[in-house]
Amino acid sequence: MLILGLESSCDDCSASVIEETPSGPKLLSLVRRSQDDLHGPFGGVVPELAAREHLLQIHGVIAEALRQAGVAAPRLDRIAATQGPGLVGCLLTAFSAGKALAWRCGVPFVPVHHLYGHLNAARFEAPALPFPALVLLVSGGHTHLYESTGWTHLRVLQKTRDDAAGEAFDKTARMLGLGYPGGPVVDACARRAQAAAPRFTPPKFRDGAASWSFSGLKTGMKLRIEREAGIGEAGPEDPRVQALCRSLQEAISAWLLEPIPAWAERIGAKSLVISGGVACNSRLREEAAGLAAKLGLELAIPAPKFCTDNGAMIAAAGARLPASDLPLELNADADLPLPAG
Ligand code: KG4
Ligand code: ZN
């Protein structure tokens, strides 16, 4: 089965062709246009600029993905596109383009929940993953832990009360003048650190509910930066900047993994999936490998190109989800909920 996957929920415009085979998805092409240079000066995604840029990019991105795969659109068995959640102006581009192309070529259209995309990114690494799985989805907009009994099922176990983990990376990079997006630069700085700065104290919740919070980390970082004269302009070569990045990364990685053993026991998990942009983080990947081995869980962390938003993960989810009977009546939905269950 040949599937075209389209994704434009935030600031990545991406298309990919995969072949779904009995042994899992095979990547035939993956095209992704970053908008980092466009949003960089603002230190974060500007929704209106992102939506306009998607409109300029989408045709070229689809054409290039089909060309690289050597597949003409009418030969496709399915076209899948992200329906939500995300920035609505951005979502509309790939979703409308997907519907139009499917209608024009008489190909079935599959609407995909963005988080099923991040989950299915793991199918490229681990097509025979054992379930139930614990699924940690960490990006610029999500920090959620789910129980999953299969590739199209997610039930939330705990989530952040405030900021997503990716925001802590992006905002730290902004305060340190390291550029956007923050995750990759903070990661690179942290790896060069000779020592870590003092530890950040994990938050304590009076109500005892299982959750995360990253807003205090951001404030703690701000206070430390204010105390260190000139650190905001010092740049990535400065050992103080590197040490701060390292302690931020160590804190985020430790906090994210802290609840895993208890949940793994509680749901009888056989595997652990970590996906979303923050799953590119080198420290998190190392720590997760050690933890999964200790707990006897099979670990699936997609390759970095499949962790950040991309069309291949949407195509992989589109292979597993039902095609729509009335695709032209569907619309993009900024707050699309996960199906109950
Ligand atoms: O999944 P994604 O591409 O888009 C969203 O759905 O948000 O995730 C983007 C987030 C950004 O916050 C970015 O800073 C973070 O992923 N990120 C990283 C790394 N690479 C990207 N965070 C930590 N370490 C990285 N190496
Ligand atoms: Zn995402």
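The values are calculated or read from the model by the stated rules, or taken from the named source; none is laboratory data. This one's a predicted model, so the numbers in the text were calculated from it and none came from an experiment. Because the Cβ atoms are built from the backbone with ideal geometry, glycine has one as well, and the counts that use them run over all protein chains shown. To get the accessible areas, we keep the full protein, side chains included, count just its heavy atoms, and leave off ligands, DNA and RNA. Shrake-Rupley method; radii C 1.70, N 1.55, O 1.52, S 1.80 Å.
Report the local net charge at G24: Lys and Arg +1, Asp and Glu -1, summed over other residues whose C-beta lies under 15 Å from its C-beta.
Values: positive: K26, R123, R320; negative: E19, E20, E125, E298.
So the surrounding residues net to -1.
Where does each of V110, V156 land when they are ordered by accessible area, with a 1.4 Å probe and the largest first?
Sorted by accessible area, descending: V156, V110.
Cross-link list K26/K171; K222/K305; K171/K204: which exceed 27 angstrom alpha carbon to alpha carbon? Kindly include the intermediate steps, with their values, before the conclusion.
Details: K26/K171 36 Å; K222/K305 31 Å; K171/K204 22 Å.
Those over the limit are K26/K171; K222/K305.
Suppose R0 equals 22 Å. What FRET efficiency, 1/(1 + (r/R0)^6) with r the Cβ-Cβ distance, do Q68 and T21 give to the nearest 0.05? Each step should come with its number before you reach the end.
Values: r = 18 Å, r/R0 = 0.84.
About 0.75, to the nearest 0.05.
Take the alpha carbon gyration tensor of the stretch 84-171, find the square roots of its eigenvalues, order them as a ≥ b ≥ c, and report rounded if a/c is under 1.5; if not, report prolate when a/b exceeds b/c, else oblate. Walk me through the numbers before you get to the answer.
Numbers: a/c = 2.59, a/b = 1.31, b/c = 1.97.
Since a/c reaches 1.5 but b/c is at least a/b, the shape of the stretch 84-171 is classed as oblate.
When only the heavy atoms of the protein chains count and the probe is 1.4 Å, how do T201, T308, T172 rank by accessible area, highest first? Could you put the intermediate results ahead of the total?
Values: T201 110, T308 35, T172 0 Å².
Ranked list, largest accessible area first: T201, T308, T172.
Collect residues whose amide H, placed 1.01 Å from N in the peptide plane, falls under 5 Å from the amide H of V273; neighbours closer than 5 in sequence don't count.
L134, V135, L136, A300
Using unit Cβ charges (K, R positive; D, E negative) and no other charged atoms, how large, in debye to the nearest 20, is the dipole of the chain about its Cα centre? Before the final figure, lay out the partial values.
Working: 33 positive and 35 negative charges, 106 e Å.
Dipole magnitude for the chain comes out near 500 debye.
Work from the charge dipole of the chain (Cβ charges, +1 for Lys and Arg, -1 for Asp and Glu, about the Cα centre) and give the residue of P181, F169, L4 farthest towards its positive end.
F169
HN-Hα J couplings of the stretch 42-47 from phi, Karplus 6.51/-1.76/1.60, θ = phi - 60°, integer Hz, Gly and Pro as x?
Using θ = phi - 60°, the values come out as 8, x, x, 6, 9, x Hz.
Give me the percent of DSSP beta bridges within the chain that run antiparallel, rounded to the nearest 5. Please list the in-between numbers first.
Numbers: 26 of 44 bridges.
For the chain, the DSSP antiparallel bridge percentage is about 60.
For the stretch 244-284, with all protein chains present and a 1.4 Å probe, just round the carbon and sulfur fraction of the accessible area to a whole percent. Present the calculation step by step, with values, prior to reporting the outcome.
Numbers: 640 of 1300 Å².
Using a 1.4 Å probe with all protein chains present, the stretch 244-284 comes out at 49 percent carbon and sulfur.
Using only protein heavy atoms and a 1.4 Å probe, report how much of W151 is accessible, in Å² to the nearest 10.
Approximately 20 Å² of W151 is accessible to the 1.4 Å probe.
Taking the convex hull of the Cα atoms, report for the stretch 198-288 its projected area averaged over all directions, in nm². Before the final figure, lay out each step's value.
On the way: hull surface 29.6 nm².
Quarter of the Cα hull surface area: 7.4 nm².
Counting only Cα atoms, I'd like the Rg/Rh figure for the chain, Kirkwood definition for Rh.
Numbers: Rg = 20.1 Å, Rh = 20.5 Å.
Computed over Cα atoms, the ratio is 0.98.
Per residue, how much accessible surface does the chain expose to a 1.4 Å probe? Answer in Å², no decimals. The partial results should precede the final answer.
On the way: 14610 Å² over 341 residues.
Roughly 43 Å² per residue, with all protein chains present.
Among S16, G86, L56, which residue has its Cα positioned farthest towards the positive end of the charge dipole of the stretch 15-95, with +1 placed on the Cβ of Lys and Arg, -1 on the Cβ of Asp and Glu, and the dipole taken about the Cα centre?
Value computed over the given set: S16.
How do R104, R283, R191, R320 stack up against each other in accessible area, from largest to smallest, with a 1.4 angstrom probe? Don't skip to the end; give the middle numbers.
Numbers: R104 175, R283 75, R191 150, R320 115 Å².
I get R104, R191, R320, R283, largest accessible area first.
Can you bin the stretch 1-108 into rounded, prolate or oblate? Criterion: square roots of the alpha carbon gyration tensor eigenvalues sorted a ≥ b ≥ c, rounded for a/c under 1.5, prolate for a/b above b/c, oblate for the rest.
Details: a/c = 2.16, a/b = 1.80, b/c = 1.20.
Note, shape of the stretch 1-108 comes out prolate.
So what are the ³J(HN,Hα) numbers for the stretch 305-322, from phi and the Karplus equation (6.51, -1.76, 1.60; θ = phi - 60°), rounded to whole Hz, Gly and Pro as x?
Working through the residues one at a time gives 5, 9, 7, 6, 4, 7, x, 5, 5, 6, 5, 5, 5, x, 6, 9, 9, x Hz.
Where in the stretch 243-264 is the amide nitrogen less than 15 Å from a point lying 7 Å along the Cα-to-Cβ axis of R227?
The answer is 243-245, 247-248.
A81's amide H: which non-local residues (gap 5+, or another chain) put their own amide H closer than 5 Å, with H modeled 1.01 Å from N in plane and none for Pro or chain starts?
L6, V110, V112
Read phi for every residue in the stretch 191-199 and hand back ³J(HN,Hα) as whole Hz from Karplus 6.51 cos²θ - 1.76 cosθ + 1.60, θ = phi - 60°, with x for Gly and Pro.
Result, ordered by residue: 5, 8, 5, 7, 8, 8, 6, x, 4 Hz.
Quick one, what does Rg over Rh come out to for the stretch 280-341 if you take C-alpha atoms and the Kirkwood Rh?
On the way: Rg = 16.7 Å, Rh = 15.1 Å.
Rg divided by Rh gives 1.11.
Hey, got the dipole for the stretch 1-129? About the Cα centre, +1 on K and R Cβ, -1 on D and E Cβ, debye to the nearest 20? Can you show the working numbers first?
Numbers: 10 positive and 12 negative charges, 91 e Å.
The calculated dipole for the stretch 1-129 is roughly 440 debye.
Starting from the Cα of W103, step 7 Å along the direction of its Cβ; do the same at E48; then give the gap between the two resulting points in nm.
2.8
Roughly how many Å is it from the Cα centre of the stretch 41-94 to that of the stretch 209-223, as a whole number?
The stretch 41-94 and the stretch 209-223 have Cα centres separated by 33 Å.
Amide H to amide H, which residues 5 or more places from W212 or on other chains are under 5 Å from it, using H placed in the peptide plane?
K159, T160, R161
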